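Data first, discussion second: the structure below is written as structure tokens.
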Amino acid sequence: MPNQEQFIQLIRDNEGIIFKITRIYSRDAEDAKDLYQEVVYQLWKSFEKFRGDSKMSTWMYKVALNTALTHSSKRKKNREENPLNEAIYRIYEETDHVMDERIQFLYSQINKMNVMDKGIILLFLEGKSYEEISTITGFTTSNVGTRLTRIKNKLKATVNT
Amino acid sequence: MEEMQSLWKSMSQELNNQKKLTDKLIIDMTQQRYTNRFKKISIYEGAGAIVCFAAALYILLNIGKLDTWYLMLSGVITLAVLITLPIVSLWSIDRMKSLDLSKNTYKETLIKFASYRNQFLMLQRLAAYMAFALVFTALPVASKIKGDKDIFLTNTATLYWFIPVMLVFLFFFVRWGYSCYSGITKSAERVLQELDES
């Protein structure tokens with residue numbers, strides 16, 4: 001059983017990161033709240049195994065991004081409605097107000113990218129170095145650089161049109 | 001790009017200031033997910049496996065009633081399908097779920113997940129064909145065990161309409177299954193190909 005207090009603190013300190021990842025990898029608010037729960041659950045599951053071999057943030061991004069990758073985005077019929085789901089839904093509704101139009105536009109552009117580029121651009125925007133992006137994604141640093149240049153060019157072309 | 005990064009940074013700061021999760025909500029999320037996972041396994045995959053194994057056990061207990069070689073062959077095929085189908089299906093689902101999300105990198109997860117999913121879909125297709133074979137073999141077996149009737153000797157009229165109807169159904173079913181399957185695998189292949197190029 002993971003140390004509950006430490007885990008709660010970890011999630012509370014990083015709830016913004018989970019929000020941003022789930023927002024990028026989900027189709028709609030329904031799907032996002034499902035993914036949010038799944039990320040918290042997967043972090044809880046692997047928290048016990050975390051030995052501090054890497055930075056806590058590296059571990060967290062890894063688990064959250066991998067969860068987002070393997071999360072089924074199929075719309076589930078008769079999704080259970082309960083107080084917990086409603087609470088997470090409220091978080092999304094309230095947090096969406098933080099985002100102005102430019103951020104909404106950026107999100108819409110990232111949503112159009114393929115899964116590999118999504119992960120790389122997210123980590124770049126989060127201020128991660130090429131080395132950190134390489135550790136989390138498994139791409140070489142030079143490959144991260146190449147991909148980022150390609151992404152930047154694509155984004156520039158979209159903004160200019 | 002720099003502008004985007006600073007925009008993102010200011011949004012992140014605002015998000016950090018807005019602490020919305022409560023301790024209870026965090027614990028509830030982990031607990032509910034854990035319970036739901038257990039429920040899903042028991043309802044969908046578990047129930048299917050139990051039905052198959054129960055049917056297999058029923059045939060095994062009555063295998064002595066299958067007194068001709070062709071009925072025995074039908075019985076053996078039915079048994080094989082009823083036992084292997086749920087085992088293979090549960091195994092492939094378990095393999096997908098057992099991906100270590102904390103150790104694998106993003107790239108490794110992408111590659112493994114795409115190939116596991118491909119294999120899973122292939123198995124699903126195979127399972128559909130096996131289930132179809134089951135329709136042909138289970139009917140004479142059930143007819144003999146339940147009503148002591150050899151359908152090949154006493155009820156040939158049924159066979160005349162049953163086999164053609166089933167073949168037509170099989171044709172459309174396979175065509176539909178193949179189109180679904182190729183769509184999904186193509187997208188997975190695209191991901192793998194892009195990774196190869198990098």
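The values are calculated or read from the model by the stated rules, or taken from the named source; none is laboratory data. Not measured: the values here are computed from a predicted model. Reconstructed Cβ throughout: ideal geometry from the backbone, glycine too, with neighbour counts over all protein chains shown.
I'd like to verify a number: residues in the range B:45-72 that are within 26 Å of the chain's Cα centre (by Cα) and touching a residue at least 24 places away in the same chain (Cβ under 8 Å), how many?
Within the range B:45-72, residues that are within 26 Å of the chain's Cα centre (by Cα) and touching a residue at least 24 places away in the same chain (Cβ under 8 Å) number 9.
Cβ-Cβ below 7 Å, separation at least six or inter-chain, first residue in the range A:39-55 and within 20 Å of B:Leu25 (Cα to Cα) and at the interface with another protein chain (Cβ under 7 Å from one of its Cβ atoms), second small (Gly, Ala, Ser) and assigned to a loop (DSSP other than H, G, I, E, B): which pairs?
Going by the 7 Å Cβ cut-off, the qualifying pairs are A:Ser46/B:Ser102.
Being among the hydroxyl-bearing types (Ser, Thr, Tyr), at pLDDT 85 or above and under 22 Å from B:Asp94 (Cα atoms), is that true of even one residue in the range A:58-67? Spell out how you get there, then give the answer.
Step one: of the range A:58-67, the residues among the hydroxyl-bearing types (Ser, Thr, Tyr) are A:58, A:61, A:67.
Within this subset, residues satisfying the condition of being at pLDDT 85 or above are A:58, A:61, A:67.
From the residues that got through so far, the ones that are under 22 Å from B:Asp94 (Cα atoms) too are A:67.
Checked the range A:58-67: at least one residue is among the hydroxyl-bearing types (Ser, Thr, Tyr), at pLDDT 85 or above and under 22 Å from B:Asp94 (Cα atoms).
Within the range B:123-135, is even one residue at negative phi and not in a helix (DSSP H, G or I)? Write out each step before concluding.
Keep residues of the range B:123-135 that are at negative phi, which gives B:123-135.
Adding the requirement that they be not in a helix (DSSP H, G or I) leaves none.
No.
State yes or no: is A:Ile103 farther than 30 Å from A:Asp53 by Cα, assigned to a helix (DSSP H, G or I) and either touching a residue at least 12 places away in the same chain (Cβ under 8 Å) or β-branched (Val, Ile, Thr) (or both)?
So A:Ile103 fits the description; yes.
Could you tell me whether B:Ser102 is at pLDDT 80 or above and among the hydroxyl-bearing types (Ser, Thr, Tyr)?
Against the criterion (at pLDDT 80 or above and among the hydroxyl-bearing types (Ser, Thr, Tyr)), B:Ser102 does not qualify.
Spot the failing condition for B:Trp91; the list is (1) more than 19 Å from B:Ile145 (Cα to Cα); (2) among the aromatic types (Phe, Trp, Tyr); (3) modelled with pLDDT of 90 or more, and only one is missed.
Only one criterion is unmet by B:Trp91, namely (3).
Filter the range A:125-142 for residues that are within 9 Å of chain B (Cβ to nearest Cβ), more than 17 Å from A:Asn66 (Cα to Cα) and either part of a helix (DSSP H, G or I) or hydroxyl-bearing (Ser, Thr, Tyr) (or both) and give the result.
A:Leu125, A:Thr140
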